[in-house]
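Please read the structure below before turning to the comments.
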Amino acid sequence: MMNPFLQVALGGAAGSLARYGVSRAALAAFGPGFPAATLAVNILGSFLMGLAASRAGQFGPLLMTGLLGGFTTFSAFSLDTVTLWTRGQHGAAAAYVAASVALSLGALALGLFLARPA
């Protein structure tokens, strides 16, 4: 059995290359006006995470954490949200979505602000 850290590294490299390929193709097809590549990888990654999660024991860290994590971490966010929802933790699911979006956007804005030239 391959070391799980090596599985994540190999899967992550493949996922990152796949994301780059989708980004290049979307830019060529749609131009830079709308983040079509990000939208596409988030939707496709979430779909694939749904398929993989139903058979999690068969794929392990190579596919779910490695490949899909390198392709888009939005798939993990989607899985976490749906898991909370299906457990009946509707308030926690809504809070997780709201906090993830608001705090991530806030953190990005803070990073841009702190990194701007003086």
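Answer yes if at least one residue in the stretch 78-98 is of a type in the set (Val, Ile, Thr), under 15 Å from the mean Cα position of the chain (by Cα) and within 20 Å of ALA13 (Cβ to Cβ), and no otherwise. No - not one qualifying residue is present in the stretch 78-98.
Of the residues in the stretch 21-34, not one is loosely packed, with under 12 Cβ neighbours inside 10 Å, part of a loop (DSSP other than H, G, I, E, B) and of a type in the set (D, E, K, R).
Every number here is computed from the coordinates shown, using simple stated rules; none is lab data. Quick caveat, the model's predicted, so the values are computed rather than measured. Note that we place each Cβ from the backbone using ideal geometry, even for glycine, and neighbour counts take in every protein chain shown.
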